[in-house]
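Quick notes on the structure that follows.
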Amino acid sequence: MEQYVIKGGNPLVGEVEIGGAKNAALPILAASVMTDDTVYVDNVPDVRDINVMLDTMASLGVMIKHENRHRIILNSANITEYVADNENIKKIRASYYLIGAMLAKYKSAEVTLPGGCDIGCRAIDQHIKGFRALGAEVRIEHGRIKAKAERLRGAHIYMDKVSVGATINVMLAASMAEGLTIIENCAKEPHVVDVANFLSSMGANIRGAGTDVIRIKGVPSLHGSDYTIIPDQIEAGTFMFAAAITHGDVMVKNIIPKHLESISAKLTEIGCEIEEADDCVRVVASKQLRSTQVKTLPYPGFPTDMQPQITVALALAKGTSIVTESIFENRFKYVDELICMGANISVEGNTAIIDGGARFTGANIAAPDLRAGAALVLAALASDGVSVVDDIRYVQRGYEDFHIKLQELGAQIELAESERDISKFRLKTG
Ligand code: EPZ
């Protein structure tokens, strides 16, 4: 089992290139089944969740070719199966996008119930509500969601909860429903807009993505497209916080600064200097970090996927901070690991109270989920001594070449597969 072995203490300095957004790429790849034409998707990150999605699509009969590491060619003209069911599909949340996409095109879909990171209850009632409003019959049986319709008809749908997944999934299905669909109380994340742009590039008629209300006029068929995925907001934010946590100076390149506003604002508040240009942002952390308060919220609020990273920074910052998690109920599991490294944090319900000013020391820790795993790596980079991070398969779900990008910024981090690798690393790094 692979681990990261890390010796902390080096400020990260240099430039890092951000890849395509995982959470946009997953629904966009799924949506490629909505046409018989060939679809080219560029800037697809080479991460585990994407590879699971591609394997699953291949098992449905989708022809998939990698033109290079990040450019994928898909053709779904010969889909033979509307049932997505393999062991792997349970591991990713985004498998549910195949329901919206196949329901749109084939009026039939059957997908094993989604898994994903264990960060809370992660209901799918709003997806189901949306599909039913469009006229589908949806049942959950034997661990699978089964959706079927004679025809899909546009509807007026009010989302009871702001949900990225439900907004995208209902948008997929409605794109090929008859007539007008209005979805209210939508998620406004950049990846919702990216999926809408992709569907529009295939001939869908979608207005309002990025606002509370999305209006979709269904079309009978979609055509091929050549589309480039937006940069990953959370990968970018993670490297921005890596600069802050290690008192470094990092230029984060190939990003859309507008998508990072809440992250930049919090970094400024805690004492970092931020310089923005067209497609990059520089984070300089030359002073002692300061405390703050933060609550995770749907976009444009502070992202839940950045909550562990800011908590690590605030554990090191001077003063008392409060972090409130308002999206997922079980997203503080990593705090015990941080406490092992020297953080002073108490969690009460959905709030972490952080008594800052900690000095972290290296420890053996385990990633409980994707973003928390990345945050623990950042904590290890700011620790005295060596840390070993277990369960890094979670980190690899969503970060491409994470340790290599960190190495290029001066971090002492390596992949280890055995005690021997860890001993060698200790010897090498003194
Ligand atoms: C997406 O999850 C992302 N995953 C998550 O990223 C991200 O944390 C989350 O959005 C919030 O931004 C993917 O895109 C694959 P939601 P999703 O539906 O779509 C409740 C990462 O680290 N809800 O916006 O599952 C739900 O329980 C991952 O990359 C319902 O009640 O999130 C939660 O409290 C982790 N009913 C809230 O809404 C529903 O039908 C937001 O969930 C759907 C959701």
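Counted residue by residue at 0.36 nm each, then reduced by the alpha carbon distance between them, the extension gain from Thr320 to Glu184 reaches 45.1 nm. Using R0 = 41 Å, the C-beta based FRET efficiency linking Asp278 and Ile73 works out to 0.85. To the nearest 10 degrees, how steeply does helix 48-60 sit against the main Cα axis of the chain, on a 0 to 90 scale? It is inclined by approximately 20 degrees.
Positive-end ranking of Met1, Thr320, Ile413 along the dipole of the chain, with charges on Cβ about the Cα centre, is headed by Thr320. Compared with the dominant Cα axis of the chain, that is its longest principal axis, helix 190-201 is turned about 30°.
Under a model in which nothing but the beta-carbon of Lys, Arg (+1) and Asp, Glu (-1) is charged, the chain shows a dipole of about 700 debye around its Cα centre. Scanning residues 5 or more positions from Asn10 or on other chains, those with amide H under 5 Å from its amide H are Gln412, with H placed 1.01 Å from N in the peptide plane.
From its DSSP helices (H runs of at least four residues, each -39,500 (n - 2.57)), the chain gives a residue-normalised ellipticity at 222 nm of -9500 deg cm²/dmol. Only the Cβ atoms of Lys and Arg (+1) and of Asp and Glu (-1) were treated as charged; on that basis the dipole of region 379-430 about its Cα centre amounts to roughly 100 debye. Working note: Karplus 6.51/-1.76/1.60 with θ = phi - 60° gives region 325-335 the couplings 9, 10, 9, 10, 8, 10, 10, 10, 5, 6, 4 Hz, where Gly and Pro are set to x.
Placing dummy labels 7 Å off each Cα toward the beta-carbon, the span from Ser221 to Asp391 is 4.9 nm.
Does anything in region 184-202 have its amide N under 16 Å from the 7 Å Cα→Cβ label point of Asp212, and if so which residues? Once the point is set 7 Å along Cα→Cβ of Asp212, 184-189 turn out to lie under 16 Å by backbone N, inside region 184-202. Dividing the mean sequence gap of close Cα pairs (under 8 Å, 6+ apart) by how many residues the chain holds gives a relative contact order of 20 percent. Placing +1 on each Lys and Arg Cβ and -1 on each Asp and Glu Cβ, with no other charges, gives region 22-228 a dipole about its Cα centre of roughly 340 debye. Taking the 0 to 90 degree range and rounding to the nearest ten, how far is the long axis of helix 233-245 tilted relative to the main principal axis of the chain, both from C-alpha atoms? The angle comes out at about 10 degrees.
Only bridges with both residues in the chain count here: give the DSSP antiparallel percent, nearest 5. The antiparallel proportion sits near 70 percent. When GluC sites (Glu not before Pro) are flagged only if DSSP places them in a loop and at most 10 other Cβ atoms lie within 10 Å, the longest unflagged stretch of the chain comes out as 151-416. Roughly how many nanometres apart are two label points built 7 Å out from the Cα toward the Cβ at Met1 and Glu137? The modelled label-to-label distance comes out at 4.5 nm.
Bear in mind these aren't lab numbers, they're just calculated from the coordinates by the rules spelled out. In this text, all values refer to a predicted model and were calculated from it rather than measured experimentally. Here the Cβ is made from the backbone with ideal geometry for all residues, glycine too, and neighbour counts use every protein chain on show.
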